[in-house]
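FYI, it's all coordinate maths here, none of it is from the lab. This one's a predicted model, so the numbers in the text were calculated from it and none came from an experiment. Note that we place each Cβ from the backbone using ideal geometry, even for glycine, and neighbour counts take in every protein chain shown.
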Amino acid sequence: MKLTIALDLLLSMLSHAGEISALIQKAKASGSDEISEEDWQAITDADDAARTKLELAIAAAS
Amino acid sequence: LQNSRRINSHDHHLVTRRANPDRDHLRYCQRNRSTRADAGAGTDSRLVRGRRDLPADPLASYNRPKPWSQSMKRLQSIAIAIAITCLLGCQAIGLTPATNLDQRLAYSFGQVTAVRDAATVALQNHRLGASEAKSVLAVTDNARSVLDASRDALAVGDTKTAEARLALAVSLLAALQTRLNAKEST
């Protein structure tokens with residue numbers, strides 16, 4: 001059971017880094033170094049969704 | 001002759017002392033045990049005085065508040081080290097390395113989301129308490145607002161402020177990750 005949070009964290013990091021990497025590659029493929037506004041919106045929306053999930057989990061646990 | 005006798009008696013003394021190393025060791029141990037016991041009971045004022053000579057907190061100099069500029073320099077060096085590690089790590093595991101501030105910001109946003117997701121999973125599996133999860137939520141909210149501010153600074157062309165805010169967010173996240181990792185490894 002040891003290091004499970006660390007593993008969760010590592011897997012989650014890899015997963016999200018992969019998504020961001022895909023967005024960067026997409027930007028580069030379209031000839032730009034900057035991430036498009038649409039993709040930025042997707043990044044911030046994903047974080048907002050993760051925040052809401054954590055809030056709900058806290059409410060359920062307490 | 002007298003000199004040689006004196007030398008001989010001195011040698012004999014040394015030999016007899018060295019002939020009983022176990023006895024010496026036993027005496028040493030007994031002496032140590034008694035001083036430890038006395039110190040624990042607080043009866044021997046000499047030992048208490050002796051203890052007063054020791055620094056009260058060996059980490060006192062480390063814990064002493066440091067000047068702001070020194071802290072900022074340390075923060076920047078940590079952030080640079082993390083950025084270099086991330087860059088090398090990205091290449092090693094097949095991720096596209098971030099080549100500008102916009103892309104590094106994107107990776108940091110992903111980091112905030114990843115910490116939130118990991119905390120949610122850990123909380124649902126009862127590996128993290130609700131109070132710890134609340135603390136994670138607070139720190140990630142702070143990191144997110146600093147990242148938003150960094151993005152705003154970048155949008156108006158203030159690269160220096162954007163870099164400083166990104167470094168602050170990265171150090172906040174690194175500290176939080178270290179805390180979460182240490183939670184179960186101890």
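Diffusion coefficient of the stretch B:141-186 by Stokes-Einstein, Kirkwood radius over Cα pairs, 20 °C, 1.002 mPa s: 191 µm²/s. Here the Karplus curve 6.51 cos²θ - 1.76 cosθ + 1.60, taken at θ = phi - 60°, turns the phi angles of the stretch B:151-157 into couplings of 5, 4, 5, 5, 5, 8, x Hz, with x standing for Gly and Pro. Computed from Cα positions, the angle between helix A:37-61 and the longest principal axis of chain A comes to roughly 0 degrees. Take each residue in A:48-61, count the other chain C-beta atoms within 10 Å of its C-beta, and the mean is 6. All Cα-Cα distances of the stretch B:95-186, cut into 10 Å bins from zero to the largest, leave 17, 45, 26, 11, 1 percent in each bin in turn. Using bins of 5 Å that start at zero, the share of Cα-Cα pairs per bin across chain A amounts to 4, 16, 15, 20, 18, 12, 8, 5, 3, 0, in whole %.
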